[in-house]
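Notes for the one structure printed next.
The values are calculated or read from the model by the stated rules, or taken from the named source; none is laboratory data. What you see is a predicted model, and the numbers here were worked out from it, not measured in a lab. Every residue, glycine as well, gets a Cβ built from its backbone with ideal geometry; the counts of neighbours run over all protein chains shown. The area values use the complete protein model at the heavy-atom level, side chains included, leaving out ligands, DNA and RNA. Shrake-Rupley method; radii C 1.70, N 1.55, O 1.52, S 1.80 Å.
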Amino acid sequence: MKNQTSPFVFEVGTVLRSGLMEVRQLEGDTPVRIGPEMIAVPEGAPVSVEARLNPLGDAIMVDASLDAQLSGQCVRCLAELSPKVHLEVQEVFAADEDFIQGEDAEEAEETPLIEHDTIDLTQLFLDEAGLNLPFSPVCEGECEGDVPEPDTEDEVRDVRWAGLEKFL
Ligand SMILES: [Zn+2]
């Protein structure tokens, strides 16, 4: 992973020290594939990430969104799918272990730390994509896989389209 150029890594030192909320946007290529097996933002694909960084004393609450284009295949007809995706995540990053110890034990394990004045949203978006993207993506609307006998059906459709083209 090349964290220096990752669009998921935000510098938060200034927000921590100033105590002022900031909204930042990063654009770049994702260092990891984001999504389940059949559809995902591929590794190296451009993503746009906007993060609202809210200072909470010794922690930062981040509300972030990701916009990108997915790449996948319909599980029924294997057509290429490339819909746009918008994911939103929210998380609190603690500046040090003391902040975490103040919370109950179960949450403490999950609270990520601010490291070297930066926060890394990669895992948040990986988790969110796993929850939101379909494991069995299919075409929107009409799918060739819905047609049991493609040969005859294709001919019928071709005639119909040929007829429509006259009106375009
Ligand atoms: Zn399909």
Worksheet, complete the sentence: Condition set more than 11 Å from Pro137 (Cα to Cα) and of a type in the set (Gly, Ala, Ser), scope the range 53-81, selection most open to solvent (accessible area, probe 1.4 Å): answer is Gly57
Worksheet item: loosely packed, with under 12 Cβ neighbours inside 10 Å, at pLDDT below 95 and either among the hydrophobic types (A, V, I, L, M, F, W, C) or within 16 Å of the ligand (Cβ to nearest atom) (or both): does that describe Val159?
Response: yes
Discussion item. Regarding the range 6-22, can at least one residue be identified that is within 30 Å of Glu140 (Cβ to Cβ) and loosely packed, with under 14 Cβ neighbours inside 10 Å?
Written reply: no
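So that you can scan it fast, the table gives a plain yes or no per residue for (1) in the same structural domain as Cys74 (by TED's automatic domain parsing); (2) out of contact with any Lys or Arg (no Cβ under 8 Å at 6 or more places or on another chain); (3) assigned to a strand (DSSP E or B):
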| site | (1), (2), (3) |
| --- | --- |
| Phe10 | yes, no, yes |
| Thr14 | yes, yes, no |
| Gln25 | yes, yes, yes |
| Val32 | yes, yes, no |
| Glu37 | yes, yes, no |
| Ala40 | yes, no, yes |
| Gly44 | yes, yes, no |
| Glu50 | yes, no, yes |
| Leu53 | yes, no, yes |
Discussion item. So, in the range 90-133, exactly how many residues are among the β-branched types (Val, Ile, Thr), at pLDDT 75 or above and more than 23 Å from Ser65 (Cα to Cα)?
Written reply: 0
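When the range 118-149 is examined, which residues are found to be of a type in the set (Asp, Glu), under 23 Å from the mean Cα position of the chain (by Cα) and either more than 16 Å from the ligand (Cβ to nearest atom) or farther than 16 Å from Cys74 by Cα (or both)?
Asp120, Asp127, Glu128
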Discussion item. Just checking, does the range 42-53 include any residue being over 10 Å from the mean Cα position of the chain (by Cα) and of a type in the set (Val, Ile, Thr)?
Written reply: no
